[in-house]
Amino acid sequence: MQNTIVIIANFTDASVANTPSQIQDLMFTDPAGASIDALFRETSFGNVGFSGQVVGPFVINYSTTSACNLAAWADAAESAASAAGWDLSQYPRRLYVMPSTEMSVCGADGAAQVGGSPSRAWVFNYTAKDVFAHELGHNLNMAHAATLANQYGDASDDMSADGYALRHFNAPHMEQMGWTPAGNILTVTQSGTYTVATLELNPAQAPAPQILKIFKPDTGEYYYLSYRQPLGLDSGLRSAYWNRINVHKYTGNYDAYNTYLLALLDDAGVYSDATNGISVTQLSHTSNYATVQIQLPGGGTTTTCQAAPSVLALSPSSQSGSAGSKLSYAISLTNKDNMYCAASTFALASVMPAGWTGSVSPATLSLAPGATGTATLYVTSPTSATAATYTVQVNATDAALPAHNVSGSVSDIVQTQVVQADTQAPTAPGGLTASTVKRTTVSLTWQVATDNVGVSGYEIWRNGVRVATTATPGYTETLPSGTYSYYIVAYDAAGNHSGASNSVSLTIRSK
Ligand SMILES: [Zn+2]
C-alpha cells in the first residue's frame, strides 16, 4: 500500500468546492467500490493500492493572480498540514487538491512528478476522477498513453486525456508496472497462430498469455498485443476498445516513456509493418480471448545490431536557490543498443529559460552498448529572476543515429529549478572613517559590503537618524558646529538591511 496524504489547499480568493468527505470517498472509501484505491488494487491484481488521509482544507498564502508555481504551492500546503499536526514523513505519496481556477493558470487539469519518493501530485480538476488516477500513475513512473498524433490520445488507459470513466491501464503499462506477471507475457519470435487472453482476467485464471510482444527491429521498440473486455472497473472502458486486439508500441525498458496505441483490430482486421515485414491479423474472438495470426520475416535470435532509444535521467527532480545562484544536476545517459552495435557518441546540450545560462560537463559521452555515462548540468539563474518554478532540460543527440536522441524531460513535470525570494541580508559595511574638510564639511568613507545577490546601496545614519542614501561608499555633507556620530547600513534590492557598520564621531567647530 502506498501511504498517501491528500492535502486540500485553498487560495486566499478561491476554494476547492468538494468537501473533505467527498474527496475521502473518491480516493479511498467510495461506497460503490470505485475509489482510486480500488481501481489500482483491481487493475494491479493487488500489487498497488493507496491508503491514507485527506486533510484540510487549509488556506495557503496565494491568490488566483499568482503565476503557476507548483513547487511553492506544494511547500505551502505541506507547511499548513505540518502546522496542523500531520507528520508528513509518514506519507511517501503527497497529493494536493487545489482550486479549479488553477487549471487555466497552469494550463493543465493536474500535474505530477514522474516517479520519486516522496512524490508530489497536484489536482485542479478534482471533479474528474481520472485526473487523480492519471497523476498518481505518473508518481508510479508511468508516462502518457499516447497515439502517434496525440500524447493523450489512447483512452484505454488513465494516462490519457481525462474526463472519461475510470478504466484500467494498457498492456505496455501492465508490463512496465509489473502487474501482469512475466509468465503471462509471451515474446513472439516465430510466425504462427496465437491466442491472447483477456487482459483484465486474474492472471492465475487466464487461459493463455495476456500480452504478446513482438520486437520491432528498426527502432528497438516492441509491439504489444492485448485484448480488452469491460470487466470490473474496466466497465469504464469505451466500447471502441472491446472485442478487439489493441496494438501498442513501447520501448519495453520499463522507463517512463509514452506508450502508443497504433491500431484496434476487429475480426479480419490487419496491422502491418512493411519496414520490418511484420503483420498481425485478428482471426476470431470470444469473451475470454482472441486469436491472431502473426507473420514475421524470420524468427530465432539475431546477431545484427539493433539500436534502441537511449535513456536519460536528471536528478534531483527539483531544487531551489536564490536568483543568480548556480546549481548542478547529475545527468545519467544509458546506451540501450544491443551487444552487436558499435559504441556511440552523444552530444549533451542544455535547454534553458530565457536569460538563464546552462552548461554541461563533459559535453559529449562515448558509450558502448549497455553502458551508462554520467555528466553534470550547471544552471545559473539571472540575478533579475523572480521567484517561480522554471524548467531546465538536457538533450542528448547522436548525429550518426537520430533514433538515439532523447531529452531530459519525459512528462508533465520536468526537472525544475525554483528561484527563491532573496532573504539574505548584505554584510555590515566595515572600515567607516570620518574626517573634516575646511572645518565644516564631513567626509565619510567605508568599505563595500557584500550580498548573495547584490548590494543596492548604503544608508547614512547621523545621530540615530537616516539622513541620506548612496549607491557606492562615500559621502560628504556640510554641518554647523556640533558633535556628530555616524554609522552606515547596506541594503539589497529585496529590502534586506545589514547590521550597522562601526560608529565614528567627530566634532565640528565652525567660526
Ligand atoms: Zn500527464
Nearest 10 degrees, 0 to 90: helix 129-139 Cα axis against the chain principal axis = 80
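Need the full-extension length gain, Thr29 to Ser15, defined as separation in residues times 0.36 nm minus the C-alpha distance. One decimal, nm. Display every interim value, and only then the final one.
Working: separation 14, 0.36 × 14 = 5.04 nm, distance 2.29 nm.
Additional length available on full extension: 2.7 nm.
Under the 0.36 nm per residue contour assumption, what length would be gained going from the current alpha-carbon distance of Leu479 and Thr219 to full extension? Working shown, then result.
Numbers: separation 260, 0.36 × 260 = 93.60 nm, distance 8.28 nm.
Gain on extension, Leu479 to Thr219, equals 85.3 nm.
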What angle, in degrees between 0 and 90 and rounded to the nearest 10, separates the Cα long axis of helix 70-83 from the longest principal axis of the Cα atoms of the chain?
-> 80
Fewest-first sequence of Asp157, Asp234, Asp75, Asp87 by Cβ atoms within 10 Å of each Cβ | Asp87, Asp75, Asp234, Asp157
Here P(r) for the range 447-511, Cα-Cα distances in 10 Å bins, as whole percents, is 20, 49, 22, 7, 1
Label 7 Å along Cα→Cβ of Thr345; the range 359-380 residues with amide nitrogen under 19 Å?
-> 360-376
Could you give the alpha-carbon Rg of the range 171-299 over 2.2 N^0.38 Å, rounded to two decimals?
-> 0.97
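Can you give the local net charge around Gly324? Use residues other than it whose beta-carbon is closer than 15 angstrom to its beta-carbon, Lys and Arg +1, Asp and Glu -1. Before the final figure, lay out the partial values.
Working: positive: Lys326; negative: Asp422, Asp451, Asp492.
Result for the neighbourhood of Gly324: -2.
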Starting from the Cα of Thr187, step 7 Å along the direction of its Cβ; do the same at Ser239; then give the gap between the two resulting points in nm.
-> 3.9
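Would you work out the relative contact order for the chain, in percent, from Cα pairs under 8 angstrom that are 6 or more residues apart?
9
Please compute one quarter of the surface area of the Cα convex hull for the chain and express it in square nanometres. Numbers along the way, then the final one.
Details: hull surface 119.3 nm².
If I average the Cα hull's projected area over directions, I get 29.8 nm².
Quick note: the coordinates plus some simple rules give every number you see, no bench work behind them. Small disclaimer: the values here were computed from a predicted structure and weren't measured. Cβ coordinates were reconstructed from backbone atoms using ideal geometry, including for glycine residues, and neighbour counts include every protein chain displayed.
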